[in-house]
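The values are calculated or read from the model by the stated rules, or taken from the named source; none is laboratory data. As the structure is a prediction and not an experimental result, all values here were calculated from the model. For neighbour counting, all protein chains shown are included, and Cβ atoms are generated from backbone atoms with ideal geometry for every residue, glycine included.
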Amino acid sequence: MVETMKWENGKLILLDQTKLPVSVEWIFCDTYQRVGKAIQKLEVRGAPAIGAAAAFAMVLAWRKIVEKYETKRDAANTSNMQLQTYAAMLYGSHDHAAKKLQQQLLKDFLQARNDLDASRPTAVTLSWATKLMYDAACKMAEAGLNLPQTDAELEKLAVKVYEQDIAKNRKMGDFGAEVVPEEAVILTHCNAGALATCGWGTALGVIRSAHEQGKVKMVYSDETRPLLQGSRLTAWELLEDNIPVTTITDNMAAWSMKTKGINIVITGADRIAANGDTANKIGTYGVALAAKAHGIPFYIAAPASTFDFSLKNGTQIPIEERNANEVRSFQGKVSAPKNVNVFNPAFDVTPARLIAGIITEYGVLRPPFSKSIKELKTKVLRE
Ligand code: MRU
């Protein structure tokens, strides 16, 4: 199965998804800023994948911050005071000077967290991962861990985020396959596959698991204008795995539902509010409406980290708006007057009432979602 990212010798290596399916190219990141740029440009994309990339970016950030203070220490070689401070910090002392330096390191670390969070606002997995890393560093400082220990623990935590994502996707796949009918003709939107995660995928993970059980007759993959994640990525990924796939343009979805025997729709999610309203790639809302009109069940597949329990409903989800030129052109070629007004939201919100179920690693949530999501929250907090 396709690899989205690798962590090797302290560098994050990302598969450049803007180049697929034409070429397979890798980007080597050794600063958190480069990872932030990759997230912004969609070189790495999909909620769980940007979460994991951001966790590794926080390790890179921590290393650069410590390096900066080491350089300062070297420059101030003659200053006993600085040396003492650094030594105290290094060995986890609780003395006043060490504490002060610790606070400075954490302040810089918080800046890195905020910068990364700002790279894409809708997918909550991004800020979920950076918060996890930042909180861990604060706890370690509190517990008096020294710098090498903190470094090692942060790296372990990022690797855990990566590995757990794959494990969660497998679980989602098992739960989700149960709701997929025999002879399934599935429609999906955007790319919620291995490419959008650390492996296996969410919506495509369910499809992979159902395919292993011999249930999948055909997958219809919406092209997903303007950036074509459906035709460039989903179609490529499914073909690589020999899963039958047919690509359609977005405006063919309703007609395909009417004429092609589509009997289930499954998509991923970027953020889910406490009442079940779900933000996902622009166009998902239209697909859900069409599915309702045809009596086809519409499912979301997403890990618990996609839920934003603090939001009452979907009106509170921030929707990213991207550059107008993504709409004014098609694959680098001008396709509209260069001064035409453009509205380019990257996501929309599907109201909970259109959703038949939300497939998570804890099981399939059913309406009323306010209740099932509250129960999910209790389980998550208990862990
Ligand atoms: O803009 P993108 O390509 O990052 O949008 C991705 C999606 O909307 C996915 O469906 C979502 O992140 C779920 S990925 C498992």
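Pairs linking a residue in segment 300-327 that is over 25 Å from residue 266 (Cβ atoms) and buried (at least 16 other Cβ atoms within 10 Å of the Cβ) to a residue that is of a type in the set (Val, Ile, Thr) and at pLDDT 95 or above, with Cβ atoms under 9 Å and 6 or more positions apart or on different chains, are 324/340; 324/342; 327/340; 327/342.
With respect to being among the small types (Gly, Ala, Ser), free of Cβ contacts under 8 Å to residues at least 60 places away in the same chain and under 16 Å from residue 229 (Cβ atoms), residue 53 falls outside the description. Residue 215 meets all of the listed conditions (1) of a type outside the set (Val, Ile, Thr); (2) touching an Asp or Glu at 6+ places or on another chain (Cβ under 7 Å); (3) farther than 17 Å from residue 166 by Cα; (4) crowded, with 22+ Cβ neighbours inside 10 Å but one, namely (4).
Scanning segment 335-356 for residues that are more than 16 Å from the ligand (Cβ to nearest atom) and either touching a His at 6+ places or on another chain (Cβ under 8 Å) or small (Gly, Ala, Ser) (or both) turns up 335, 336, 352, 356.
Results for (1) crowded, with 20+ Cβ neighbours inside 10 Å; (2) more than 19 Å from residue 31 (Cα to Cα); (3) charged (D, E, K, R), shown as yes or no for each residue.
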{"residue": "118", "(1), (2), (3)": "no, no, no"}
{"residue": "143", "(1), (2), (3)": "no, yes, no"}
{"residue": "151", "(1), (2), (3)": "no, no, yes"}
{"residue": "155", "(1), (2), (3)": "no, no, yes"}
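Of all residues in segment 183-196, those satisfying the criterion of being touching a Lys or Arg at 6+ places or on another chain (Cβ under 9 Å) and within 20 Å of residue 278 (Cα to Cα) are 186, 187, 189, 190, 191, 192, 193, 196. Within segment 305-328, the set of residues being within 13 Å of the ligand (Cβ to nearest atom) and assigned to a helix (DSSP H, G or I) comprises 305, 306, 326. The set of residues from segment 226-265 being outside any helix (DSSP H, G or I), among the charged types (D, E, K, R) and farther than 18 Å from residue 195 by Cβ comprises just one member, 260.
Total residues in segment 47-106 satisfying the condition of being modelled with pLDDT under 80 and either under 28 Å from residue 4 (Cα atoms) or not in a helix (DSSP H, G or I) (or both): the figure is 9.
Comparison of 343, 369 shows that the only residue that is surrounded by 15 or more Cβ atoms within 10 Å (Cβ to Cβ) and at pLDDT 95 or above is 369. Taken as a whole, the condition of being within 13 Å of the ligand (Cβ to nearest atom), in a loop (DSSP other than H, G, I, E, B) and either of a type in the set (Lys, Arg) or assigned by the TED database to the domain that holds residue 120 (or both) applies to residue 44. Take residue 230 and tell me if it is crowded, with 24+ Cβ neighbours inside 10 Å, in contact with a strand residue (DSSP E or B) (Cβ under 9 Å, 6 or more places away or on another chain) and of a type in the set (Gly, Ala, Ser). Yes; evaluated as a whole, the condition is true for this residue.
For segment 4-33, taking the residues that are over 17 Å from the mean Cα position of the chain (by Cα) and charged (D, E, K, R), the one that is nearest to residue 230 (Cα to Cα) is identified as 19. Against the criterion of being farther than 30 Å from residue 208 by Cα, β-branched (Val, Ile, Thr) and at pLDDT 80 or above, residue 44 does not qualify.
Checking each residue in segment 194-210 for being near the ligand (Cβ under 7 Å from one of its atoms) and either part of a loop (DSSP other than H, G, I, E, B) or more than 11 Å from the chain's Cα centre (by Cα) (or both) picks out 197, 201, 202, 203. When the residues of segment 268-286 are narrowed to those that are in contact with a helix residue (DSSP H, G or I) (Cβ under 6 Å, 6 or more places away or on another chain) and assigned to a loop (DSSP other than H, G, I, E, B), which ends up surrounded by the fewest Cβ atoms within 10 Å (Cβ to Cβ)? Here the answer is 275.
Taking (1) more than 13 Å from the ligand (Cβ to nearest atom); (2) buried (at least 23 other Cβ atoms within 10 Å of the Cβ); (3) farther than 28 Å from residue 330 by Cα in turn, residue 242 satisfies each apart from (2).
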